[in-house]
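J.: Please see the structure below; I have some questions.
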Amino acid sequence: MTAAQYRRIVLKLSGEALSGEQGYGIEPAIIQSIASQVKEVAKLGVEIAIVVGGGNIWRGKVGSEMGMDRATADYMGMLATVMNSLALQDSLETMGIPSRVQTSIEMRQVAEPYIRRKAIRHLEKKRVVIFAAGTGNPYFSTDTTAALRAAEIEAEVILMAKNNVDGVYTEDPKINKNAQKYSSLSYMDMLNEGLGVMDSTASSLCMDNDIPLVVFSITEKGNIKRVVQGELIGTTIRGK
């Protein structure tokens, strides 16, 4: 068995990745598939933190465009991430993987409040930690949450799992079939070329704290393990 290349990782999942082909809601089969892949990585001794989006249930930006107060719409989106996190935790626990949900908005009946030192302690005990409710503040994306939490817990890499693309391309491959896939690039190039992998706040956090990012497809089973073992799939982004 190939050894893991990372000791501690942050896995970033979009809300849409949990909805399957239907594009909304939570698809139990998809959740179970992701949980089984996380289990494979946990068996390698890797410390795993997960940040889940909420776009399969609600997007704050969409609510704002409909005329809602932006802060209120974003708080609703944070609550959606909690629902996804609890669903993922349930699947992990069913498979015998101990896990904890930590949320930036206090709701002690369903999850722990986010406390950095406690999160690190859970990771050291090989518990999967799922960070929910974003940063706890409106106007910040879950990509920024992933970058912030990765810096706080001193993760070695962010694995950005996508359900609709297998890396970063020069253009949208669905629109232009001649779009070229990057095997690697720098954060500065990503920002300058407007590739839209992460928002600028998240990208700057990763760049300033020297946290590499691997963008890959989660639709093929075993890909999380392959990335953790150092297989060159997807696109790696690092440095300036």
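The values are calculated or read from the model by the stated rules, or taken from the named source; none is laboratory data. Just so it is clear, the model here is predicted, and its values are computed rather than measured. Here Cβ is always computed from backbone atoms with ideal geometry, including for glycine, and neighbour counts include all displayed protein chains.
Here is a yes/no grid of residues against (1) closer than 24 Å to Lys125 by Cβ; (2) in contact with a Pro (Cβ under 8 Å, 6 or more places away or on another chain):
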| site | (1), (2) |
| --- | --- |
| Leu11 | yes, no |
| Ala17 | no, no |
| Ile26 | no, no |
| Lys43 | yes, no |
| Gly54 | no, no |
| Tyr75 | no, yes |
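J.: When you scan region 130-149, do you find a residue that is charged (D, E, K, R), more than 22 Å from Glu40 (Cα to Cα) and assigned to a strand (DSSP E or B), even just one?
T.: No: zero hits.
J.: Now for a separate question. Give me the residue from region 1-12 that is at pLDDT below 95 and of a type in the set (A, V, I, L, M, F, W, C) and, out of that set, surrounded by the fewest Cβ atoms within 10 Å (Cβ to Cβ).
T.: That would be Met1.
J.: In addition: Going by what's in this entry, would Val157 be described as at pLDDT below 90, closer than 21 Å to Leu13 by Cα and among the hydrophobic types (A, V, I, L, M, F, W, C)?
T.: Against the criterion (at pLDDT below 90, closer than 21 Å to Leu13 by Cα and among the hydrophobic types (A, V, I, L, M, F, W, C)), Val157 does not qualify.
J.: Restricting to region 56-69, name every residue that is surrounded by fewer than 24 Cβ atoms within 10 Å (Cβ to Cβ), at negative phi and part of a loop (DSSP other than H, G, I, E, B).
T.: The answer is Ile57, Trp58, Arg59, Met66, Met68, Asp69.
J.: Looking at this structure, is Val101 among the β-branched types (Val, Ile, Thr) and in contact with a Pro (Cβ under 8 Å, 6 or more places away or on another chain)?
T.: Judged against the criteria, Val101 is not a match.
J.: Consider Val101 carefully, then state whether it is outside any helix (DSSP H, G or I), closer than 19 Å to Lys162 by Cβ and either touching a helix residue (DSSP H, G or I) at 6+ places or on another chain (Cβ under 6 Å) or among the hydroxyl-bearing types (Ser, Thr, Tyr) (or both).
T.: For Val101, the condition - outside any helix (DSSP H, G or I), closer than 19 Å to Lys162 by Cβ and either touching a helix residue (DSSP H, G or I) at 6+ places or on another chain (Cβ under 6 Å) or among the hydroxyl-bearing types (Ser, Thr, Tyr) (or both) - is not met.
J.: So, Glu16, is that one in a helix (DSSP H, G or I) and touching a Gly at 6+ places or on another chain (Cβ under 7 Å) or not?
T.: Yes; evaluated as a whole, the condition is true for this residue.
J.: Another question, if that's okay. So which residues in region 166-192 are closer than 16 Å to Leu213 by Cβ and in contact with a Ser or Thr (Cβ under 8 Å, 6 or more places away or on another chain), if there are any at all?
T.: Asp166, Gly167, Val168, Lys181, Tyr182, Ser183, Ser184, Leu185, Tyr187, Met190, Leu191
J.: Can you tell me which of Ala29, Ala42, Ala49 is within 13 Å of Gln229 (Cα to Cα) and not β-branched (Val, Ile, Thr)?
T.: Every option except Ala42 fails the conditions.
J.: Could you look through region 220-240, keep only residues that are among the hydrophobic types (A, V, I, L, M, F, W, C) and outside any loop (DSSP other than H, G, I, E, B), and pick out the one that is nearest to Lys162 (Cα to Cα)?
T.: Among those residues, the one meeting the criterion is Ile224.
J.: Of the residues Ile97, Ile120, Ile115, which is touching a residue at least 40 places away in the same chain (Cβ under 8 Å), β-branched (Val, Ile, Thr) and over 20 Å from Gly63 (Cα atoms)?
T.: Being touching a residue at least 40 places away in the same chain (Cβ under 8 Å), β-branched (Val, Ile, Thr) and over 20 Å from Gly63 (Cα atoms) holds for just one of Ile97, Ile120, Ile115, which is Ile97.
J.: May I ask you to say which residue of Thr72, Thr81, Thr94 is closer than 25 Å to Asn164 by Cβ and out of contact with any Phe, Trp or Tyr (no Cβ under 7 Å at 6 or more places or on another chain)?
T.: Thr81
J.: Now for a separate question. Given Pro173, Pro212, which one is closer than 22 Å to Ala155 by Cβ, surrounded by 12 or more Cβ atoms within 10 Å (Cβ to Cβ) and not β-branched (Val, Ile, Thr)?
T.: Pro212
A quick yes/no check of all residues on (1) surrounded by fewer than 24 Cβ atoms within 10 Å (Cβ to Cβ); (2) more than 18 Å from the chain's Cα centre (by Cα); (3) of a type in the set (Lys, Arg):
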site	(1), (2), (3)
Gly25	yes, no, no
Ala29	yes, yes, no
Ala35	yes, no, no
Ala42	yes, no, no
Gly54	no, no, no
Ser91	yes, no, no
Gly96	yes, yes, no
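J.: Return the total of residues in region 201-227 being farther than 29 Å from Ser36 by Cα and at pLDDT below 90.
T.: 0
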